[in-house]
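Bear in mind that the values in this text are calculations on the coordinates, not laboratory data. This one's a predicted model, so the numbers in the text were calculated from it and none came from an experiment. Backbone-built Cβ (ideal geometry, glycine too); neighbour counts: all protein chains shown.
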Amino acid sequence: MRGVRASSLEPLGEAALRLRDDFVAVGPGFQTGKCELLRGVTRAGPVFAKRLIETGALWQRLFVREIENYKLFARTPPPVRVPRLVAADATQWRRPMRWRDGGCLVSPT
C-alpha cells in the first residue's frame, strides 16, 4: 500500500489525547507529503503532534528511527538545539509529540 488518506484516520487531536490527556489543539492541522501535523499545548508546554500518513515500509522505519533519535538526544544532548520528544507510540508509528524549540520544527520524514 502506498499511503492512506488522512481523512480515513481518526482526527489527529483525538489520537494525541490518548498519549497526553492534557493535549489541546491550538490551530488547524496541515499535511506534508508524508505526515500530518497539528499544533497544540500540554502542561509541559507547546507541542506538535505528528502522524505518519505514508504507510510504505521505508517511511515506517524512518519514523521509528526518528523517535529513537529523539530518545537518544534526551539521554545524550547534541551540541545543537533539537525539539524534545514529549510522548510517542512507535508501535503504531503514528503519534509522536515534541516541543517546538525556538520556533522551528525538525521533521526528517
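Under 5 Å between amide hydrogens, built in the peptide plane, is the criterion, and for Cys35 it picks out Ile53 among residues at least 5 positions away or on other chains. Distance between the 7 Å Cα→Cβ label points at Leu72 and Asp89: 2.6 nm.
Each of Thr32 and Glu14 was given a label point 7 Å from its Cα along the Cα-to-Cβ line. The distance between the two points is 2.6 nm.
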